[in-house]
Amino acid sequence: MHPAKSYALSASPHTIATFRALVEAIVPNTPELAPFGAEQTIGASELGVQDYMIWELDHTLALFFGMELTNFPLSAPTAGMLNSGAVQLVASGHAQHVPNESLWETSPYSAIAPPDRIRVLAMLEELIVDLGALPPPYRDDGGFVKFIVDYLVRGTMFGHYSEWSAYGTTRLDTPTERRLEHFPIGWRQAGYPGVSLGYRALMGFPLTIVRKGGESTIV
């Protein structure tokens, strides 16, 4: 496994631009929420969640090659999958907004508008794409495509609302070397008060079970 920080810094501009566009679309900047507090406007790309997604895809997922489970860096091929989906969306005529031509060469996915980026995710999840045009290991593997699209959405949300961004200068170190440098913005947005030994919560409803004649009744 590569050291996390040096690996993240070695990601290509195409991959970084694609994942920045992804997290922007899933958790966007929301200036209209400013009346509820400045922290409520902050989106995932401003917290660097694209770096989190690249790191996670390259370090935490493993694939079977033959009979062996092998760590396989997935950020670059996943960016390629998203870019292929963007190309297919535009070619189909279903894009709702004109792409930004100045960004197209670097990353077609970043060149399309955020609503169209979500449409690409939907196309991929529903397999309304030419699977043969996707890069390995996604080529002709609809099950894996559906899995990774779900992972991208959940991973972005987790990266944004977890403590990851608060690791600050250590966020791209290995997990054992990360240290919290401030209170996580995602926690403030969600109203989470922080780590505690326990919180008062509804643990269920008390039930009384009456057993009579070999039968049980809940009252």
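The values are calculated or read from the model by the stated rules, or taken from the named source; none is laboratory data. Everything numeric in this text was worked out from a predicted model, so none of it was measured. Glycine also receives a Cβ, built like all others from the backbone with ideal geometry; neighbour counts cover every protein chain displayed. Side chains included, ligands, DNA and RNA excluded: accessible areas come from the protein's heavy atoms. Shrake-Rupley method; radii C 1.70, N 1.55, O 1.52, S 1.80 Å.
Do you know which residues across segment 155-171 are of a type outside the set (Ser, Thr, Tyr) and open to solvent by 20 Å² or more (accessible area, probe 1.4 Å)? Within segment 155-171, MET157, PHE158, GLU163, ARG171 meet the criteria. Screening segment 172-195 for residues that are among the hydrophobic types (A, V, I, L, M, F, W, C) and in a loop (DSSP other than H, G, I, E, B) and picking the one that is most open to solvent (accessible area, probe 1.4 Å) gives VAL195. Can you tell me which residue among ALA79, ALA133 is more than 21 Å from the chain's Cα centre (by Cα) and of a type in the set (Gly, Ala, Ser)? Only one candidate qualifies: ALA133. When we screen GLY85, GLY93 for residues that are out of contact with any Cys (no Cβ under 6 Å at 6 or more places or on another chain) and in contact (Cβ under 8 Å) with a residue 40 or more places away in the chain, the only hit is GLY85. On the given criteria, is ILE54 buried (at least 19 other Cβ atoms within 10 Å of the Cβ) and at pLDDT below 95? In short, yes. Among the residues of segment 198-206, not a single one is at pLDDT below 95, hydroxyl-bearing (Ser, Thr, Tyr) and open to solvent by less than 90 Å² (accessible area, probe 1.4 Å). Remark: PHE19 matches the filter, which requires a residue to be at pLDDT 95 or above and either over 24 Å from ASP150 (Cα atoms) or within 18 Å of the chain's Cα centre (by Cα) (or both). Pairing residues of segment 125-148 that are on the phi > 0 side of the Ramachandran plot with residues that are open to solvent by less than 60 Å² (accessible area, probe 1.4 Å) and of a type outside the set (Gly, Ala, Ser), at Cβ distances under 9 Å and at least 6 apart in sequence or on separate chains, gives LEU127/VAL145; ASP140/LEU131; ASP140/LEU134. Take ARG119 and tell me if it is more than 15 Å from the chain's Cα centre (by Cα), part of a helix (DSSP H, G or I) and among the basic types (Lys, Arg). Yes, satisfied. Taken together, the residues in segment 96-109 that are open to solvent by less than 30 Å² (accessible area, probe 1.4 Å) and free of Cβ contacts under 8 Å to residues at least 40 places away in the same chain amount to 1.
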